[in-house]
Amino acid sequence: MCGITGYIGDNKTTDILIDGLKRLEYRGYDSCGIAAVDGKNRLYLKRVSGRVDALDKLVAAEPVKGAHAGVGHTRWATHGAPSEDNAHPHTDCSSEVVVVHNGIIENYLDLKEKLLAGGHKFKSETDTEVIAHIVEEKLKSLHVQASAARADMLEPVFFEAFRRAVADLKGSFAISVVWAKCPGMILAARMHSPLVVGLGKGENFIASDVSAFLKHTKRVVFLNDGEMAAVKKDGIDFYTFQGKKVAKEPVTIQWDSTMAEKGGYKHFMLKEIHEQAEAVENTLRGRLLPIGGDILRSEIGLSAEAMKSFSSLQFIACGTAYHAALVGRVLFENFGIAAHADVASEFTDRAKLMAPNTLVIAISQSGETADTLFAVREAKASGAKVLAITNTVGATLTREADYVLHTHCGPEIGVASTKAFLGQLAAIYLLAGHFAAARGRLTGTDARNYAEELLKIPRLIEETLEKEKEIAKVADSFASSEHFLFISRHINYPIALEGALKIKEIAYVHAEGYAAGEMKHGPIAIIYKGMPLLAVAPSGRTLDLMAGNIEEAKARGADVVAIVDEASKKTVKASRYLVLPTTGELFTPMLTVIPLQIFAYYVALAKKCDIDKPRNLAKSVTVR
Ligand code: F6R
């Protein structure tokens, strides 16, 4: 959680830091701040409780002139409530060492106790502040040996003090530090939290992710766990935590910053809903045909032979990505391939019980979700191979997995995941096709039909999106409802869960997603007259049962909106219908989820919710 920016160079330091923070606000936004130093060793610190816009106003009212190095931070609280005192950057007792941090320092209480005993004074309740005081301690001890008068000694002293401070820390951290006495260098370190540096001309950048500085440079270096960077305006050196220099090659990021803008839509979420055909198309491109061939071998290292060899599949993921995993389970099972799906945070013990030669498939848009990463580590410790499905090049998950299948959705800024979900589904359908074909479960015309249906999906998504106004009207009619039910069966059951999750997170209403057959075992009792119930009921093997479940709900007063196709509409009796284009039964989740995303969006819009940044949430959940 939290977003970090850092800048060193001759341009407007505070503008660059604040602009970067605006782009990172999706990582957390309860408070924020910047610190900058000028050539005369003066330090400027500005913090606010609240959003980056408020910080921007504060800095505009009290501008910082002449600063050429600094760090910034947008926070999602872990230790200490959201407040100005707890906002980063944090300083040491002398207010010369300034720290921003993302992650959790697990041993901070021990460290704090020792520092307090040594006379340090703390100004916040955060775990982060200990870092500033430890650096201060280390600087003190090193200054005894180094002559403070010699400027050329300050950089090695600062580096060594920071290196030693980092060695004292346990937990997860991405840290960036500035020392007012040494304004020509910013230091950074990474352990289990993302950190990337951007290479400019006569200026360099640090951030939690590239979107913070993409408009300045696309040449970047991702830090690995256990690595540090010494960032100066004319160069960057990389080291291990042991102080050994490491050579790292920059990579060029293809996204441009306009891709990350709203493109004329009111919210990123709506823009991203409209980018879903493209997300699927890009994720499938060049990877599907010949189905069952070795087409993925060169890209991800997974040959058709290897696909045959796994005894079963185990999906792990969180939130929306978990719903993609549930669709994956049904899809693979449909092809007779044993598959399980677990929420990553509940996976730990199961890791040891997996059948030998299970392939673990970890799905994560960000590739940084702590629960997913820890589950992956457990799985690897049990000897399993891990395939990552992620949207983020260079993310931690990609470096820990044995095979990586990137979804090509572009950056997803809205906190509520939409196009990343479609990208994940596309990747799963792609894999399922190849696995099933490699194992002789999908052959001849069936294989051809599968590929043809899948390739038609982007066009059908566009057609589904044309229903936006109609869906918005239905959503408006329910804008004052406080309870919603979503039901479905089989491969669309995860879509009912996803529909409920979307509306909960962005419209702050109570919603339940249920397997339609389960309703009669208890939940049907909550139905009251007029309760909105969205029933996902496309044509397929469970349609008659679904129609029966809808009748049962109606008989208890539910106001049913049915998500159907032309054929299933004839079977289902509802108050209103949202009619989708027809596709094969197995592919329906890639269409049925879309009206539910749009529905949630318009209910949230009518309720005037902060759709792209819903309360209490953050885009990338890097704590467990
Ligand atoms: C919901 C949502 C979250 C994420 C979950 C996993 O709209 O965005 O539920 O899906 O936090 O995130 P990733 O995919 O980054 O691991």
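Take the range 423-445 and flag every residue that is surrounded by fewer than 20 Cβ atoms within 10 Å (Cβ to Cβ) and either touching a helix residue (DSSP H, G or I) at 6+ places or on another chain (Cβ under 6 Å) or under 18 Å from Ala317 (Cβ atoms) (or both).
Filtering the range 423-445 for residues surrounded by fewer than 20 Cβ atoms within 10 Å (Cβ to Cβ) gives 439-441, 443-445.
Passing the criteria: only Arg439.
Looking at the range 412-422, which of its residues are buried (at least 24 other Cβ atoms within 10 Å of the Cβ) and more than 10 Å from the ligand (Cβ to nearest atom)?
The answer is Lys419, Leu422.
For the range 124-160: of the residues being more than 22 Å from Gly171 (Cα to Cα) and in a loop (DSSP other than H, G, I, E, B), which is modelled with the highest pLDDT? Spell out the reasoning first.
Step one: list which residues in the range 124-160 are more than 22 Å from Gly171 (Cα to Cα), which gives 139-158.
Next, only the ones that are in a loop (DSSP other than H, G, I, E, B) stay: 144-150.
Details: Val144: 60, Gln145: 61, Ala146: 56, Ser147: 55, Ala148: 53, Ala149: 51, Arg150: 67.
So, considering only residues that are more than 22 Å from Gly171 (Cα to Cα) and in a loop (DSSP other than H, G, I, E, B), the one modelled with the highest pLDDT is Arg150.
Given the condition among the polar types (S, T, N, Q), under 26 Å from Arg23 (Cα atoms) and surrounded by fewer than 22 Cβ atoms within 10 Å (Cβ to Cβ), answer yes or no: does some residue in the range 290-298 qualify?
Our first condition is that a residue be among the polar types (S, T, N, Q); within the range 290-298, this holds for 298.
Those still in the list that are under 26 Å from Arg23 (Cα atoms) too: none.
Scanning the range 290-298 turns up no residue that is among the polar types (S, T, N, Q), under 26 Å from Arg23 (Cα atoms) and surrounded by fewer than 22 Cβ atoms within 10 Å (Cβ to Cβ).
Quick check on this structure: which one of Gly286, Gly292 is in a loop (DSSP other than H, G, I, E, B), over 17 Å from Val404 (Cα atoms) and away from the ligand (no atom under 16 Å from the Cβ)? It would help to see each step written out before you state the result.
Values: Gly286 fails: over 17 Å from Val404 (Cα atoms).
Going through Gly286, Gly292 in turn, just one is in a loop (DSSP other than H, G, I, E, B), over 17 Å from Val404 (Cα atoms) and away from the ligand (no atom under 16 Å from the Cβ): Gly292.
Is at least one residue of the range 446-455 in contact with a Ser or Thr (Cβ under 9 Å, 6 or more places away or on another chain), more than 16 Å from the ligand (Cβ to nearest atom), open to solvent by less than 20 Å² (accessible area, probe 1.4 Å) and not acidic (Asp, Glu)?
Of all residues in the range 446-455, those in contact with a Ser or Thr (Cβ under 9 Å, 6 or more places away or on another chain) come to 453.
Retained after the next criterion (residues that are more than 16 Å from the ligand (Cβ to nearest atom)): 453.
Still in the running and open to solvent by less than 20 Å² (accessible area, probe 1.4 Å): none.
Scanning the range 446-455 turns up no residue that is in contact with a Ser or Thr (Cβ under 9 Å, 6 or more places away or on another chain), more than 16 Å from the ligand (Cβ to nearest atom), open to solvent by less than 20 Å² (accessible area, probe 1.4 Å) and not acidic (Asp, Glu).
Please report, ordered by residue number, the strands (runs of 3 or more DSSP E) entirely within the range 482-568 with at least 3 residues that are of a type in the set (A, V, I, L, M). Lay out the reasoning, then the answer.
Numbers: elements: 483-488, 510-515, 532-536, 559-565.
Ranges flagged: 532-536, 559-565.
Among all residue pairs at least 6 apart or on different chains, which show Cβ distances below 6 Å where the first residue, located in the range 372-384, is surrounded by fewer than 21 Cβ atoms within 10 Å (Cβ to Cβ) and the second is assigned to a helix (DSSP H, G or I)?
Sorted first by the residue in the range 372-384, then by its partner, the pairs are Glu378/Thr348; Glu378/Ala351; Ser382/Ala351; Ser382/Lys352.
Can you tell me which residue within the range 62-113, out of those that are open to solvent by 10 Å² or more (accessible area, probe 1.4 Å), charged (D, E, K, R) and assigned to a loop (DSSP other than H, G, I, E, B), is farthest from Gly6 (Cα to Cα)?
Glu106
Condition (residue is open to solvent by 50 Å² or more (accessible area, probe 1.4 Å), modelled with pLDDT under 95 and closer than 24 Å to Val166 by Cβ) applied to the range 13-26: is it met by at least one residue?
Looking for residues that are open to solvent by 50 Å² or more (accessible area, probe 1.4 Å), modelled with pLDDT under 95 and closer than 24 Å to Val166 by Cβ, one finds none in the range 13-26, hence no.
Restricting attention to the range 27-56, report how many residues are part of a strand (DSSP E or B) and open to solvent by less than 10 Å² (accessible area, probe 1.4 Å). Talk me through it step by step, then tell me what you get.
Quick first cut of the range 27-56, residues part of a strand (DSSP E or B) only: 31-38, 43-49.
Imposing the further condition that a residue be open to solvent by less than 10 Å² (accessible area, probe 1.4 Å) reduces the set to 31-38.
Residues flagged as part of a strand (DSSP E or B) and open to solvent by less than 10 Å² (accessible area, probe 1.4 Å) within the range 27-56 amount to 8.
Within the range 566-617, restricting attention to residues that are of a type in the set (Val, Ile, Thr) and under 22 Å from the mean Cα position of the chain (by Cα), which residue is surrounded by the most Cβ atoms within 10 Å (Cβ to Cβ)? Please lay out each step first, then the result.
So in the range 566-617, the residues of a type in the set (Val, Ile, Thr) come out as 571-572, 579, 582-583, 588, 592-594, 598, 603, 611.
Okay, now just the ones that are also under 22 Å from the mean Cα position of the chain (by Cα), so 593-594, 598, 611.
Numbers: Val593: 31, Ile594: 28, Ile598: 27, Ile611: 23.
Once the filter is applied, the top-ranked residue is Val593.
Taking Leu270 and the conditions (1) modelled with pLDDT of 95 or more; (2) under 19 Å from the mean Cα position of the chain (by Cα); (3) within 19 Å of Val404 (Cβ to Cβ), which numbered condition does it fall short on, given that it satisfies the others?
Leu270 satisfies all of (1) modelled with pLDDT of 95 or more; (2) under 19 Å from the mean Cα position of the chain (by Cα); (3) within 19 Å of Val404 (Cβ to Cβ) except (3).
Taking the range 198-215 only, how many residues are at pLDDT below 95 and open to solvent by 30 Å² or more (accessible area, probe 1.4 Å)? Please lay out each step first, then the result.
As a first pass, look at the range 198-215 and keep what is at pLDDT below 95: 208-215.
From the residues that got through so far, the ones that are open to solvent by 30 Å² or more (accessible area, probe 1.4 Å) too are 209, 215.
Residues in the range 198-215 being at pLDDT below 95 and open to solvent by 30 Å² or more (accessible area, probe 1.4 Å): 2 in total.
Within the range 334-383, count every residue that is of a type in the set (Phe, Trp, Tyr), within 16 Å of the ligand (Cβ to nearest atom) and either out of contact with any strand residue (DSSP E or B) (no Cβ under 7 Å at 6 or more places or on another chain) or assigned by TED's automatic domain parsing to the domain that holds Ser620 (or both).
To start, the set of residues in the range 334-383 that are of a type in the set (Phe, Trp, Tyr) comprises 335, 347, 374.
Restricting the remaining residues to those that are within 16 Å of the ligand (Cβ to nearest atom) gives 347, 374.
Then drop every residue that is not either out of contact with any strand residue (DSSP E or B) (no Cβ under 7 Å at 6 or more places or on another chain) or assigned by TED's automatic domain parsing to the domain that holds Ser620 (or both), which leaves 374.
Going through the range 334-383 one residue at a time, the tally reaches 1.
Report yes if Thr398 is open to solvent by 20 Å² or more (accessible area, probe 1.4 Å) and either within 16 Å of the ligand (Cβ to nearest atom) or touching a residue at least 40 places away in the same chain (Cβ under 8 Å) (or both), otherwise no. Before you say what the answer is, go through the steps one by one.
Details: open to solvent by 20 Å² or more (accessible area, probe 1.4 Å): yes; either within 16 Å of the ligand (Cβ to nearest atom) or touching a residue at least 40 places away in the same chain (Cβ under 8 Å) (or both): yes.
In short, yes.
So, Ser477, is that one surrounded by fewer than 22 Cβ atoms within 10 Å (Cβ to Cβ) and in the same structural domain as Arg615 (by TED's automatic domain parsing) or not?
Working: surrounded by fewer than 22 Cβ atoms within 10 Å (Cβ to Cβ): yes; in the same structural domain as Arg615 (by TED's automatic domain parsing): yes.
Yes, satisfied.
Return the residues of the range 496-550 that are within 16 Å of the ligand (Cβ to nearest atom), closer than 20 Å to Phe421 by Cα and either assigned by TED's automatic domain parsing to the domain that holds Thr418 or aliphatic (A, V, I, L, M) (or both); say none if nothing qualifies.
Hits for the range 496-550 are Ala496, Leu497, Ala500, Leu501, Ile503, Ile506, Ala507, Ala511.
The values are calculated or read from the model by the stated rules, or taken from the named source; none is laboratory data. Keep in mind the model is a prediction, meaning the values are calculated, not measured. Every residue, glycine as well, gets a Cβ built from its backbone with ideal geometry; the counts of neighbours run over all protein chains shown. The accessibility values were calculated without ligands, DNA or RNA, using every heavy atom of the protein model including side chains. Shrake-Rupley method; radii C 1.70, N 1.55, O 1.52, S 1.80 Å.
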